[in-house]
1. Run down A131, A138 and say which single residue is buried (at least 19 other Cβ atoms within 10 Å of the Cβ), more than 10 Å from the chain's Cα centre (by Cα) and within 16 Å of the ligand (Cβ to nearest atom).
2. Which residues, counting only those in segment 40-62, are more than 20 Å from G124 (Cβ to Cβ), in a loop (DSSP other than H, G, I, E, B) and at pLDDT 95 or above?
3. Could you check segment 55-70 and list, in sequence order, the residues that are under 13 Å from the mean Cα position of the chain (by Cα) and within 15 Å of the ligand (Cβ to nearest atom)?
4. Within segment 62-101, how many residues are within 18 Å of H135 (Cα to Cα), exposed (fewer than 14 other Cβ atoms within 10 Å of the Cβ) and of a type in the set (A, V, I, L, M)?
5. Quickly run through segment 63-107 and pick out the residues that are part of a loop (DSSP other than H, G, I, E, B) and not hydrophobic (A, V, I, L, M, F, W, C).
Amino acid sequence: MKHTTSRKFTAVALAAAITLPLAACGGGGDGSADDSAAPSSSSSISVEGTEFKFAPADVNVKAGQAVTVTFDNNGAVDHEWAVLTEGTQIKAETDFEESMVLFEVEAIPAGTSATQTFTFDKAGSYQIICALPGHFSAGMKGILTVS
Ligand SMILES: [Cu+2]
């Protein structure tokens, strides 16, 4: 069982479609100085992937705040960090469907690192999985809490 490239393209396009409208709503003068274009709130998290776990498995972020996610693959095989849509909790890999992915740092090779930024708008509990075959069942899972 291999990942197809179309799966990845779909997920990336989805993430972009969700992110772009948010980036476009920064205007609006309110009389104050206009030179603070950067969002006042942003954060970053760092997650390590190995066989077969995430460290940390559980992470917390603030709603409506840009989050920069750095995923370090310190394992010996490809891993990824995929966040499923709010309220979706798979119990087995066979439950997984591509449409469940809200955001992911897509499969990256062993020994490398990847960084992506995303904004979670809705508070709640989001399941994190590595969607590569066999990895979820081996223990690559966690919870992202948006508050
Ligand atoms: Cu994995």
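The values are calculated or read from the model by the stated rules, or taken from the named source; none is laboratory data. Source: prediction; values computed, not measured. Note: ideal-geometry Cβ built from the backbone for every residue, glycine included; neighbour counts use all protein chains shown.
1. On the way: A138 fails: buried (at least 19 other Cβ atoms within 10 Å of the Cβ).
Selected residue: A131, the only one of A131, A138 that is buried (at least 19 other Cβ atoms within 10 Å of the Cβ), more than 10 Å from the chain's Cα centre (by Cα) and within 16 Å of the ligand (Cβ to nearest atom).
2. E51, F52
3. Answer for segment 55-70, where residues must be under 13 Å from the mean Cα position of the chain (by Cα) and within 15 Å of the ligand (Cβ to nearest atom): just A57.
4. 2
5. To start, the set of residues in segment 63-107 that are part of a loop (DSSP other than H, G, I, E, B) comprises 63-65, 74-78, 85-92, 96-97.
Listed by number, the residues that qualify are G64, Q65, N74, G75, D78, T85, E86, G87, T88, Q89, K91, E97.
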